[in-house]
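Worksheet for the structure shown next.
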Amino acid sequence: VALNQFYLLERLERSLKSDKGVADRLSLARSSTIKKSLEDGKSTESIREKRKSLEESRRASLSSMSFDKSHHLNSGRLSLRFDELEESLKSKTDEEIADFFFYLKEKEVLYSENSILHQFVPLLLDSLKSSNSDIQSIAHSSLFKCMLISSEFFNEHKHIVFDALNSPCIAVRNNAVTAFHDFLIFYNTSLDSSVIFDKLRDKDVSKNAMLVVFNLLHKNIIRLKSNAVQLVSLLFDESLGSIVKTLVRSLSGNNNAISVIFYETFTSDLGAEFVKYLAPFVSSSIHESLFLKCLNNYNDIQKLKAVYENFELSEKFVKDNLFREEMKVFVDQKAAV
């Protein structure tokens, strides 16, 4: 019900903007705003605070509407026909229309005392502590869906997500992992993506966590960075190895991503076999620069040797680096063979 109300408001807003002929322009403006906000490191909360005219816009829009006696806007049911809503908002600016719907999603659907869903929130919260694991699981799943509607509701109950990720109930942990996928899309700046990588160690939810990681990486929602080692460590895992290998193959066309994975693996405690597996996926165009980086920061001579043997290094590059004792040893060993 919560998601249906959210989708309805989204559709109504798009329809109104489309009718005004500004859908494309507004989408571009929002994308630019979101991009700038992320670049500036602003949180969801600071974005909301910046909308100083939000309450005024909401009041102005509501005051211009006529309500049916048997329905109310904040009752959880739309009280106006679309043509009435369109009429009441047609004179409003793009920002005012966006603010109006933003307010409905943030405040009315879950917080209004007359809202149908508001009455169920206490029940959901109580059910989280039920001794019945099925009720616990359903309650968590329902609460997580409500958290997608309002960022304020999300921030208020965010701690429940982290508690659920460590719940003794497997079903609750799996629900939390699945929900974390959506939360990272909706509230990317408010969450640490390394949390989902940590769940790769949880055998009961690791496959679900891996699929979430796979999807988010392909959507460029998250970055690997230091989490690459956790991922690569599962290359030869019986249950998850095939998924990790598919992911590595799919990222091989991205020089930046594959070089990060390779270098983080090289400097980790993982063995040379992991380096050997990853080497063919690294583009030859970055072999020399990446080898030099490894040469200057290695902690295992066998792993460095694996890089030397599996990378294409020009004669000039090898000659220029013969002053390094490691390089001389590798060249001599290769010549002896």
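Derivation of every value follows stated rules applied to the coordinates shown; laboratory data play no part. The structure presented is a predicted model; accordingly, all values stated were derived computationally and were not measured. Neighbour counts are summed over all protein chains in view; Cβ atoms, including those assigned to glycine, are modelled from backbone coordinates with ideal geometry.
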### Task
For region 234-337, run through the chymotrypsin sites (Phe, Trp or Tyr not before Pro) and keep only the ones in DSSP coil with at most 12 other Cβ atoms within 10 Å of their Cβ.
Phe323
### Query
Could you give me the ³J(HN,Hα) list for region 187-201, computed from phi with Karplus coefficients 6.51, -1.76, 1.60 and θ = phi - 60°, whole Hz, x at Gly and Pro?
10, 3, 7, 9, 10, 9, 5, 5, 4, 6, 5, 4, 6, 5, 7
#### Entry: Sum of side-chain charges, Ile160 neighbourhood, beta-carbon under 14 Å (Lys, Arg +1; Asp, Glu -1)
+1
### Query
By how many nm would the segment from Arg324 to Leu123 grow when fully extended, if each residue of separation counts as 0.36 nm and the alpha-carbon distance is taken off?
65.5 nm
### Percent of Cα-Cα distances greater than 22 Å, calculated over region 105-222
34
### Message
Based on the alpha carbons, how large is the Rg to Rh ratio for region 179-337 when Rh follows Kirkwood?
### Response
1.04
### Message
Please list, by residue number, every one of the GluC sites (Glu not before Pro) in region 185-279 that is coil in DSSP and has at most 13 other beta-carbon atoms within 10 Å.
### Response
Glu238
### Task
Taking the Cβ of Ser239 as the centre, find all other residues whose Cβ is under 13 Å away and add up their charges (Lys, Arg: +1; Asp, Glu: -1).
0
### Task
Just add up the charged neighbours of Leu270: K/R +1, D/E -1, any other residue whose Cβ is under 10 Å from the Cβ of Leu270.
-3
### Gyration tensor (Cα) of region 165-250, equivalent ellipsoid semi-axes in angstrom
19, 17, 10
